[in-house]
Amino acid sequence: MTAASHAEHHHTSLGVDSRKLGMWALIASECLLFGSLIATYLIYRSQSVAGPSPAQILDIPVTSVSTFVLLMSSFSIVLALHGIQSGDIAAFRRYILLTALGGTVFLGFQTYEFTHFVQSGLGFSTNVFGSSFFMLTGTHGTHVAVGVIWLLSLYFSSVRGKLTEDAAIKVDTMALYWHFVDVIWIVIFTVVYLFVFV
Amino acid sequence: MTEAVLPHPRENYGLSSWLTTVDHKRIGILYGVTAVVFACVGGIEAMLIRTQLIVPNNTFLSPDLFNAMFTMHGTTMIFMFVMPLNAAFFNYIVPLQIGARDVAFPRLNALSYWVFLFGGLLFHLSFVTGHLPEVGWFGYANITTKQFTPGPEVGLLGSVIPKGLQYPVSGTEFWIVGLQLLGLASLIASINFIVTILNLRAPGMTPMRMPLFTWVTLITNFLLLLALPVITVALFQILLDRHFGTRFYDIGAGGTVMLWQHLFWVFGHPEVYILILPPMGMVSEVLPTFSRKPLFGYPAMVYASAAIAFLGFSVWAHHMFTTGMGAMATAIFSAATMLIAIPTGVKIFNWISTMWGGSLRMTTAMWFAVGFLAEFTIGGLSGIMHASPPIDGQHQDTYFVVAHFHYVLFGGSVFGLFAGLYYWFPKFSGRLLSEPIGKVHFWLTAIGFNLTFFPMHFLGVDGMPRRIYTYAPGFNLETWNFWSSIGAYITLLSALVFFYNVFVSLRGRQKAPADPWDARTLEWAIASPPPAYNFASLPDVQARDDFWYRKHEAKTFKPEPEHVHVVLPNPSYWPLIVGAGITLMGAGFLFAYVLTFIGVAVTLVGAYGWSFAKFEG
């Protein structure tokens, strides 16, 4: 990228980097995606003609732990962003790895949960609760997995010295995505797990 | 890594330049040409449908083939003709209207096009396999489940790969996967255009100075952004039901087919405005130019467009009045639907007021814009009729509804698109379309269209049901069906006249000047067709209709210098590669899952190549 086009790239009508604005737009779209999945789940969670039902199978304490880990990873990506913005590359690399680790731990818990459910007799074809549960949480898990790959890509491109130009805005855009994935999990955790009491 | 794999494409001519282009103008042309090709396919399907219905008890098409034809016709015309033709105009015109050199993400723009093209081709591959979708453009569950459209016993790849690695699919899969890809293409494009319009405006181009076409592009892309994910979820549900045995639309397991209708129409109703708002914007450019007056009530037009889009999200269940949702829901959706008549009425009266007292020049573009006003109003009025649940109950699934939506989609969208085509054709091509042939084209279209679709109102109230392959004699249906089919053939003739016009005009020697219409907006301030960099120096916008203001009021307009040095984004292979990868992922669900894994790999490699490629812009 030449200096001239570099400067022009940063001149935007709203004063926000276009990549970040694009991420905001994507997040708006994702809200409707998860909204549709959550609506389906709410309609179907108690419609099954055969068990198991949500209250019989969902384990709130275990999932609370993975939820906590995922939310803490939002904290660590803020520290990573602060590192890259203030030129502290070591801190950036440390915290971006920690964030990826948090995401990976969450995925590990989800893998355990899914395996456990299948062994207990709830697969995605068992009943409509199972179909809508696995589709909703599976879509979220896919988003976490994409995020982990993205975080690791940022880490390795930084280690290989390729993350130089616009590094802060790239991390900022990624962080926006990561926060969204965490925030939508709070909604899913509430609707799927805590609503068993409702 | 990337430079070693692929050399940077540099040429600006030949096939490889089109495969690697990231220029919004070239991508616009690709969108436009592809959309017109798909329109021909959809048009032939319409002719087959009308030929089957020209006489009672006809056996020209089998019942199965008839179902396939109305499914292919509806899906093609909506997703592969009107939407991408709108996108062609977004691509070509909007960056010029806001004074930008390209869109915000040029490579994503190319990716949108490739995914659209491949999705359309994959959908039409069903012709080759002989298993056509027969589920309607709305694909109501549970017709789309394996129980009702199971498909053949063997996979499509026959003996090419072992039986265990492939599985039988029906035409329904082609519909699901094709639509999923087309939706993804539009979603990527919507992010691109929203960011472009919000962020790449020239200095001084404040929101309330933007041309109305740019405004409706922004609004339409917000509709796409928010409506498409809903159908994405619904399509995945039926795909999972068919392939992995989930129970979303299995009635025996507690599934409810109403869920599909809700999800489909939460997308499907905004989709109607996605189809009509851009042509409304085109008409809003054509009428002021040929009336030599500013658009009447510009702020009201902006707010009306936004209001139509906003209300468009709250009326989906008027497509479901006969499903028994309950009196309260029906009443609320009925009232919300009638509300849309208010901003739409504001627009109709503002267009009429724009012409009032102007010095009208009746070019072909102007004829089509005025035709749009008349035909769209008829479709709008029958739409208000359907907003009333008791009337809707009578009209549901009859030809009256077919008449209604063709008046808004053909009389509205297509007339508006033709107005836009005649208006902007010199900007795209550097050649003016022939006006005398254009007038013939207009009148043949108007006569053919009205003769085809107006009688359908009568057929509908006489009780002729939609989507039935034939009808018996003696029910007073023969006369109007005959004339409707004759009208369809006249419409076909009008399309041939249009293609002839394009052909002779492109071969003509007379070049179009930069500003052939004495127009008002920035795209006319630069050459026809514009240079690759669009504007030598970015315009400093002083007023709404800035070009007109500089020409006629401030008298400060100067033609652009001829030779400038501007750094442009360089062409890239990566959008094509990523697009192919995404398509392979979808194709896996049609042939063998191994393709899906290959597709994921290709997409990942493409995404990394994309990220680390040297790219200016």
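The values are calculated or read from the model by the stated rules, or taken from the named source; none is laboratory data. A quick note: this is a predicted structure, and the numbers were derived from the prediction, not measured. Glycine gets a Cβ as well: all are built from the backbone with ideal geometry, and neighbour counts include every protein chain shown.
Residues to consider are B:393, B:379; find the one that is surrounded by 20 or more Cβ atoms within 10 Å (Cβ to Cβ) and out of contact with any strand residue (DSSP E or B) (no Cβ under 9 Å at 6 or more places or on another chain).
Numbers: B:393 fails: surrounded by 20 or more Cβ atoms within 10 Å (Cβ to Cβ).
None of the other options fit; the residue is B:379.
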Complete set of residues in the stretch A:48-69 that are of a type outside the set (Val, Ile, Thr) and either surrounded by fewer than 17 Cβ atoms within 10 Å (Cβ to Cβ) or farther than 27 Å from residue A:127 by Cβ (or both): A:50, A:51, A:53, A:55, A:56, A:59, A:61, A:64, A:68
Residue match in the stretch A:175-187 (condition: in contact (Cβ under 8 Å) with a residue 40 or more places away in the chain, under 19 Å from the mean Cα position of the chain (by Cα) and within 14 Å of residue B:611 (Cα to Cα)): no
Residue in the stretch B:219-227 that is within 12 Å of chain A (Cβ to nearest Cβ), part of a helix (DSSP H, G or I) and touching an Asp or Glu at 6+ places or on another chain (Cβ under 7 Å) present: yes
Criterion violated by residue B:268 - all others in (1) within 22 Å of the chain's Cα centre (by Cα); (2) buried (at least 22 other Cβ atoms within 10 Å of the Cβ) satisfied: (2)
Extreme residue, modelled with the highest pLDDT, among residues of the stretch B:1-59 that are surrounded by 20 or more Cβ atoms within 10 Å (Cβ to Cβ) and part of a loop (DSSP other than H, G, I, E, B): B:53
Of the criteria (1) crowded, with 24+ Cβ neighbours inside 10 Å; (2) within 11 Å of chain A (Cβ to nearest Cβ); (3) over 26 Å from residue A:34 (Cβ atoms), which one residue B:203 fails: (1)
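Residues that are under 19 Å from the mean Cα position of the chain (by Cα): list the helices (runs of 4 or more DSSP H) wholly contained in the stretch A:14-87 that include at least 1 such residues.
Working: elements: A:18-44, A:54-57, A:60-85.
In the stretch A:14-87, A:18-44, A:60-85 are the helices (runs of 4 or more DSSP H) which contain 1 or more residues that are under 19 Å from the mean Cα position of the chain (by Cα).
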Given (1) within 14 Å of chain B (Cβ to nearest Cβ); (2) of a type outside the set (D, E, K, R); (3) assigned to a helix (DSSP H, G or I), index of the condition residue A:123 fails: (3)
Complete set of residues in the stretch A:140-165 that are crowded, with 19+ Cβ neighbours inside 10 Å, of a type in the set (Val, Ile, Thr) and within 14 Å of another protein chain (Cβ to nearest Cβ): A:148
Breaking point among (1) in a loop (DSSP other than H, G, I, E, B); (2) in the same structural domain as residue B:103 (by TED's automatic domain parsing); (3) buried (at least 17 other Cβ atoms within 10 Å of the Cβ), for residue B:490: (1)
Single residue of the stretch B:186-198 satisfying the filter (touching a residue at least 60 places away in the same chain (Cβ under 8 Å) and farther than 14 Å from residue B:227 by Cβ) that is nearest to the other protein chains (Cβ to nearest Cβ): B:195
Unique residue being crowded, with 19+ Cβ neighbours inside 10 Å, within 14 Å of chain A (Cβ to nearest Cβ), of a type in the set (S, T, N, Q) and not in a helix (DSSP H, G or I) when the list is B:534, B:570: B:534
Test for residue B:604: is it within 12 Å of chain A (Cβ to nearest Cβ), farther than 19 Å from residue B:177 by Cα and at pLDDT 85 or above: yes
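For residue A:115, state whether it is away from chain B (no Cβ under 14 Å), under 20 Å from the mean Cα position of the chain (by Cα), of a type outside the set (Lys, Arg) and assigned to a helix (DSSP H, G or I).
On the way: away from chain B (no Cβ under 14 Å): yes; under 20 Å from the mean Cα position of the chain (by Cα): no; of a type outside the set (Lys, Arg): yes; assigned to a helix (DSSP H, G or I): yes.
Criteria not met by residue A:115.
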Filtered residues of the stretch A:5-34 (kept if modelled with pLDDT of 95 or more and of a type in the set (A, V, I, L, M, F, W, C)): A:21, A:23, A:24, A:25, A:26, A:27, A:28, A:31, A:32, A:33, A:34
Some residue of the stretch B:228-251 being more than 11 Å from every other protein chain (Cβ to nearest Cβ), hydrophobic (A, V, I, L, M, F, W, C), crowded, with 24+ Cβ neighbours inside 10 Å and touching an Asp or Glu at 6+ places or on another chain (Cβ under 6 Å): no
Extreme residue, surrounded by the most Cβ atoms within 10 Å (Cβ to Cβ), among residues of the stretch B:537-567 that are modelled with pLDDT of 90 or more and either among the aliphatic types (A, V, I, L, M) or over 27 Å from residue B:213 (Cβ atoms) (or both): B:541
Any hit, the stretch B:348-369, residues being more than 23 Å from residue B:418 (Cα to Cα), in the same structural domain as residue B:461 (by TED's automatic domain parsing) and of a type in the set (Val, Ile, Thr): no
Criterion: in a helix (DSSP H, G or I), closer than 30 Å to residue B:213 by Cβ, within 14 Å of chain A (Cβ to nearest Cβ) and not polar (S, T, N, Q) - qualifying residue of B:283, B:272, B:266: B:266
Output for the stretch B:444-470, where each listed residue is surrounded by fewer than 20 Cβ atoms within 10 Å (Cβ to Cβ) and either farther than 19 Å from residue B:372 by Cα or without any contact (Cβ under 8 Å) to a residue 12 or more places away in the chain (or both): B:458, B:461, B:462, B:463, B:465, B:466, B:467, B:468, B:469, B:470
